[in-house]
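Here, each number is a calculation from the coordinates, and none is a lab measurement. Bear in mind that the values here come from a model prediction, so they are computed numbers and not experimental data. Don't worry about glycine lacking a Cβ; one is built from the backbone with ideal geometry, like all the others, and counts go over all protein chains shown.
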Ligand SMILES: Nc1ncnc2c1ncn2[C@@H]1O[C@H](COP(=O)(O)OP(=O)(O)OP(=O)(O)O)[C@@H](O)[C@H]1O
Ligand SMILES: Nc1ncnc2c1ncn2[C@@H]1O[C@H](COP(=O)(O)OP(=O)(O)OP(=O)(O)O)[C@@H](O)[C@H]1O
Ligand SMILES: Cc1ncc(C[n+]2csc(CCO)c2C)c(N)n1
Ligand SMILES: [Mg+2]
Ligand SMILES: [Mg+2]
């Protein structure tokens, strides 16, 4: 009886794997077809994962307070859209976006200052490198203490988390221009700002986008974790920590789904933007 | 010896002194038991732990346990070492709060994670909205400490008589600066820190026997702790892995906890149970539990005690 | 030659590292003191007001740096706390910071080892199999958008339910975070050999495993160490967050939490500093190993 | 196919499929190379020199016509390790010493350690690099690296050397020196050499036969015999015969370029 | 200093301080270049050709001796935008179109948009690239990129062109073509050109004066006048006078190499 679920799931897995295998090996002449197939393959893979999950939950009758099956999570998502939306607004639209913009912005400005002053570059950069590697989430309780319960304290955590990756990457990017390119500007007797705007910033773009992409996932995680240390009674982190205690684990997964969706979409958006801005980079060039 | 695992509701502190004392003093051993005590924490949900098989017995508050029961974790109360509730709402006097009538428009700190039910019941009995709408109160998810009241981010915070209240005092506010509302006095007290097991375990007589010995030895631990509060506090300290607890605080906590556990042999009084259920059902439009629970407690274990 | 280089090297280190870094650190400390006064002053004023006494500015300043539960402890308060909890306590004592650091370190290292292993394995699969490449990569990115840190407590409970307990659950959270940079870095690394180098192997009619062991693997070593540096730091984050939910157990995370629980800001900060130092040391160790390996492999530093 | 024919192409065709349409890289190539010849491919950039060499080496599959190497398909020849390939850049593995690099093909081919050592030594001597076995590539000059790369391609003693602009990155003086050494080596071992270059003097100086190619699509424009005899020295470059052949090659190249329009 | 002297070096010296000791890159350089000359620096790799050119361009400061450009210090000359510099690689910015790249120095120099457009158009025509204004660098062949780079260095009409192996990366045919074009441009504009190369035929074909350098430390070994007259065509390379000068340069190079030991 319960084995039926597991066997079905495994069969589904094997079938999708076989389909993917066939799809991946073929090259399609038509570009749009190829693009569609490139999306279809991971989607099928994801579907196989979900079916396997469902099968295991049902097959082994896993208690739903431990791990609810995807179908139950989906039902919860569709029935709690209003709560999910309110939480999303609180955590993402307020804390994450504000923190992301401020953190990346100040990291960028700091990078330019650091770049202008070699002494700071020597002194601040090793420290920045170190801080970028620190368990910043540990700052969350302190931020709540300093900036209060509402979203500003979460935004502050996001600012700290995103600041250093941006600083470090931008400084690296500004240093990434070739000697010849810089000498060229020198032969034009170009001043610091002209060189910065016309040469070094464009050349640093791949690095800056690298930081933006890293930060897009860091920011969401930071904001959610910070909500564990005190919030008003709305927000994705609040909901996650509260609903676990209420044994509504399906709601927890609904929030995780929203987080993963928001994170993947922001990442994808930034990747598209990157492609548009650094179209000239060898990795994107179409001849 | 028979093995049992006990999942605490919170970190190692004098709130659970009875169990640590029973283990340390060999009461469990005498009863032929080998008890493993698992400390809890802010994000450990004991019902989830027991549903996953991580514990045989958990300590939980009854509102949370009954709510979990409705969510499909068939918890049954087998004993109730805490007779009285230690929950309070502590407010700064300078906010002008004198009685619950002054709550509207104020910001109140509340523990969530299944600990919010007593508060929500109380507010709905007072007819105060908690969703931020007009005429209601503003609710904050209070973190692990009492900072919100110290930093004036909240007008009132939730406290336990034996713990957070004293943290406020330690932080420099005096008793005169504070106004306190005990849930007991407001008539909305619910049962705290009961022992719960899964319903199916009770079908096994050997298990019931084991549990009976466990409850009895634990109560012996509580008696000992009540009589020797300082020694009990020291035992707790020894068992604290974080090394963060202070002797002063634990000794004081032990004395306060003793007031709550005094005068019970672990049996759940049916009146207390009914009062708790009534409070929870009184919750207006959004009651904590949807109907009177069936078989949510049993005396089979305590009846077997000698 | 080594002798003369050492001298020159030291002067260079002095001017390029010690002096600038020292100055910046000093500036940070100075700022820290300023913030200590600013942030802690309102409480002192409040106290004085309630007690109905006037306090002078100098009194105020000295008091802000000696509070028991400051909003921001002064650096010397943290230093004293660290001294007391490291040097003056036995390492085995539960009040010793070194003991807690060790607890965190052990799950960090286990998680880091698992994560590195998993990352390498995934990368090898992705580089050698087209299906894996196409189906796995998007999900690997998505996996990192799941706020694992937020559900760490639940993960630990669920893992406990299937019989995984002790060090392993924390290590698994570390692993979940740390496999990502390794997988991404190693995919890059294993694909880094130039076409020419790959063609060369083809002219020798080398098989897949020969291409892997003689070309792809050695070519990816610098990438491996770069991503391991990121991974080890993030493993530490994972271990710390994995310790948060069980506030009563040992480790730096538990220390942070219990500090927060009891409003012991000094304890929070000393745990934070310990975590920072540990992170720095771990990254440095990996860096050193990486350098010596790549040097042995003949790649110029 | 004659007894001593090593490479035989008939009407060879190769078209690359790319994102923006097919690129016709080789068209109707007919070519015969005999044992012991030194053949150079010369032509403007993009005319298919590298592609043709890669087809011979079985690094690229032709899309039409046929080709035989040592009387078998290029793939079989590759499996039999019929040739050594030298790339434009030395393409030494930076994590291996010079000795280790030369040892690489030997390891892949499963030659035991004891024999490997002797072979490494012998081939290092052959290219005048004795004593550099333990050095890493970056510790050597560009010319020395290129010699090490040649030693690597010789180490398993293939009958044929395929060289794709091996000296393109070096300066004139070093290049002259290596040209002389290569010629000497060729005279000594009598291996067949197929050599890609875009330097006219280099082609004329080294080859017994020069294949002039022209682009879009890549074809053989002209095959010029280069009868300067054995025992050539650098001075030969100022002889009238040399200048004449060079002129012929240059004219061929220009005409080939003109074809394009 | 004569009226029409553009560059004047006296006993110029340059030593680089590196981790493993000083590198003596230029030693005792005496050199005079007059208005309208086409001077080539030739010499083996590492002899200091690039360094000398960079000193003239104020991209490197000499450690001894003195140098004047247009009668002032190189720095002042640079500030006055006295020269256009062409690097070995085209060094076009990939995020700018060809037009945008040519516009770059004009923007830096604050020339208004309206004028810029006319200048871009004019210079693109000068190097035969009309119609490619909107293309990105990687969409052009190497030769076209190099021409765009020359157009860029000409766009602000400097009196002097400094070129560091501008055609080093190109194949012979394209190189020949660009050599002819450069010569034509030089004849038309009468700019002073200082040109680094390591190809002997290129140096002889283009220059009015060839500076042969020798390495370690970088010195001027010999200065050879190259009196092949104006209106040179590629055929000139087969004339006896050309071959003679080429031979002279080659001998100079060899001797310079020999100095080293
Ligand atoms: N893998 C490939 N895919 C698509 N087109 C290719 C590929 N390899 C080469 N081509 C094209 O085939 C043509 C011939 O290239 P090939 O490399 O053989 O030229 P070449 O004569 O070696 O040039 P060069 O002197 O620059 O090395 C060129 O137009 C090139 O762009
Ligand atoms: N920035 C530098 N620091 C240290 N040494 C340098 C530097 N630039 C050049 N050199 C050294 O100075 C010497 C002359 O270099 P230069 O680049 O001028 O040679 P070149 O004649 O242009 O050679 P090539 O033909 O290879 O371009 C070389 O030994 C080189 O290693
Ligand atoms: C997140 C969070 N939840 C609850 C408490 C308060 N608290 C202290 S002890 C205890 C359990 C009672 O048996 C409770 C609920 C807190 N401080 N933080
Ligand atoms: Mg080629
Ligand atoms: Mg140079």
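Here is how far apart the residue E:23 label points are across copies: 3.5 nm, shortest first, using a point 7 Å from Cα toward Cβ.
Please determine, in degrees from 0 to 90 and to the nearest 10, the orientation of helix C:265-296 with respect to the longest principal axis defined by the Cα atoms of chain C, where the helix direction is its Cα long axis. The angle comes out at about 30 degrees.
Working note: 222 nm ellipticity from helices only, DSSP H runs with n ≥ 4, each -39,500 (n - 2.57), summed and divided by the residues of chain E, gives -11500 deg cm²/dmol to the nearest 500. For chain D, give the share of DSSP beta bridges that are antiparallel, in percent and rounded to the nearest 5; count only bridges with both residues there. Bridges in chain D are about 55 percent antiparallel. Once the gyration tensor of the Cα atoms in the stretch B:1-86 is diagonalised, the equivalent ellipsoid follows with semi-axes of 22, 15, 12 Å, ordered largest first.
GNM remark for chain A: springs join alpha carbons under 10 Å apart, and the peak mean-square fluctuation among A:260, A:47, A:86 falls on A:47.
Computed on the stretch C:112-183, with alpha-carbon pairs under 8 angstrom and 6+ residues apart, the relative contact order is 64 percent.
Rounded to the nearest whole angstrom, the semi-axes of the ellipsoid equivalent to the stretch A:77-284, taken from the Cα gyration tensor as √(5λ), stand at 38, 19, 11, largest first. Rounded if a/c is under 1.5, else prolate if a/b is larger than b/c, else oblate: which is chain B, with a ≥ b ≥ c the root eigenvalues of its Cα gyration tensor? Verdict is oblate for chain B.
Here the spin labels are modelled as points 7 Å beyond Cα on the Cα-Cβ line, and at residue C:91 and residue C:164 they lie 3.0 nm apart. The convex hull built on the alpha-carbon positions of the stretch E:83-157 has an orientation-averaged projected area of 4.4 nm². Using the Stokes-Einstein relation with a Kirkwood hydrodynamic radius computed over Cα pairs, the translational diffusion coefficient of the stretch C:2-72 at 4 °C and a viscosity of 1.567 mPa s comes to 86 µm²/s.
Between 0 and 90 degrees, the angle of helix E:98-108 with respect to the longest Cα principal axis of chain E falls at about 70 degrees. The three principal axes of the C-alpha atoms in the protein assembly as shown carry coordinate ranges of 123, 78, 61 Å, sorted with the longest axis first.
Looking only at other chains, what is the average number of their beta-carbon atoms within 10 angstrom of each beta-carbon in C:18-25?
Per residue, the number of nearby Cβ atoms from other chains is 5 on average.
The value obtained for the stretch A:2-62, namely the Cα convex hull volume divided by the number of residues, is 52 Å³ per residue.
Averaged over the residues of D:92-105, the number of partner chain Cβ atoms lying within 10 Å of the residue Cβ comes to 4.
Using the Cβ-Cβ distance between residue A:18 and residue C:76 with R0 set to 41 Å, the FRET efficiency from 1/(1 + (r/R0)^6) comes to roughly 0.05.
Over all orientations, the stretch E:13-130 has a Cα convex hull whose mean projected area works out to 10.0 square nanometres. Counting only DSSP beta bridges whose two residues both lie in the protein assembly as shown, roughly 55 percent are antiparallel. For residue E:111, inter-copy separations between label points set 7 Å beyond Cα along the Cβ vector come to 6.2 nm, shortest first. Label separation (residue B:295 vs residue D:66): 8.5 nm, computed from points 7 Å beyond Cα along the C-beta direction.
Restricting the calculation to Cα atoms, chain E yields a radius of gyration followed by a Dmax of 18.4, 58 Å. The ranking of C:128, C:100 from fewest to most other beta carbons within 10 Å of each one's beta carbon is C:128, C:100. Look at the alpha carbon pairs under 8 Å that are at least 6 residues apart: their mean separation over the length of chain D gives a relative contact order of 25 percent.
What share of the DSSP beta bridges in the stretch E:144-247 is antiparallel, in percent to the nearest 5? Roughly 55 percent of the DSSP beta bridges within the stretch E:144-247 come out antiparallel.
Within the listed set E:213, E:109, E:144, the Gaussian network model of chain E (springs between alpha-carbon atoms below 10 Å) gives the highest mean-square fluctuation for E:109. Given R0 = 25 Å, the distance between the Cβ atoms of residue D:239 and residue D:5 translates into a calculated FRET efficiency of 0.20. As a proxy for reagent exposure, ranking C:78, A:244 by other Cβ atoms within 10 Å from fewest up yields C:78, A:244. The modelled label-to-label distance for the pair residue C:15/residue C:35, using points 7 Å beyond Cα in the direction of Cβ, is 3.3 nm. Return one number: the angle in degrees, 0 to 90 and rounded to the nearest 10, between the long axis of the Cα atoms of helix B:229-239 and the longest principal axis of the Cα atoms of chain B. Tilt of helix B:229-239: around 80 degrees.
For residue E:45 and residue A:101, the FRET efficiency from 1/(1 + (r/R0)^6), where r spans their Cβ atoms and R0 equals 35 Å, is about 0.10. The two copies D and E are related by a rotation, and the chain D beta carbon nearest its axis, with distance in whole angstrom, is D:243, 4.
For chain B, a Gaussian network of Cα nodes joined below 10 Å ranks B:52, B:41, B:18 by mean-square fluctuation, and the top entry is B:52. Just so you know, the averaged projected area of the alpha carbon convex hull for chain C sits at 22.9 nm².
By the count of neighbouring beta-carbon atoms within 10 Å, fewest first, B:273, B:20 end up ordered B:273, B:20.
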